[in-house]
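Notes for the one structure printed next.
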Amino acid sequence: MPFKPGFSGNPHGRPPKGKSLTEIIDRKLPKEEFAERLIGIALGKIDAPPLVAASCMRMILSYVDGLPVRKEELEKRVEVVVRYVEEPRYPDAIDITPRQVESGTGRTSD
């Protein structure tokens, strides 16, 4: 059925999406309560393994002041060259040119 000029091909619009993960988490664990738990773990008021406490501290720092950044001045100008190397699609046919592939005359190594 062809579209008529001047009329939408989708008159009812895009169907609504499901709820986002952020909306679900926000409803189940409000931001203030989440922050209090993070701080409690980081300060040792809530029992947690040391790695979890360190992760909480890192998360708090990243949202408050931003993570620490180490800046260094370079003494001389440095040129960085990035070379992109594509993996061959047909590893057995590395020595075949595109023209040989098209014509079917190329040899593959066995």
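Details
- Packing around the peptides 17-29, 37-49, 54-66, taken as the average count of other Cβ atoms within 10 Å per residue, puts them in this order, highest first: 37-49, 54-66, 17-29.
- Between ARG70 and LYS17, the simple spin-label model (points 7 angstrom out along Cα→Cβ) gives 3.8 nm.
- What you get for the stretch 28-70, charging only the Cβ of Lys and Arg (+1) and of Asp and Glu (-1), is a dipole of about 140 debye around the Cα centre.
- Efficiency of FRET from Cβ geometry, VAL78 and LEU51, R₀ 41 Å, rounded to 0.05: 0.70
- FRET efficiency for the ASN10 to GLU32 pair, using the beta carbon distance and R₀ = 25 Å, is estimated at 0.05.
- The modelled label-to-label distance for the pair ILE25/ILE60, using points 7 Å beyond Cα in the direction of Cβ, is 1.8 nm.
Rule-based calculations on the coordinates, nothing more; no lab input. Everything numeric here is computed off the predicted structure, so don't read it as measured data. Heads up, the Cβs are rebuilt from the backbone with ideal geometry, glycines too, and the neighbour counts pull from every protein chain shown.
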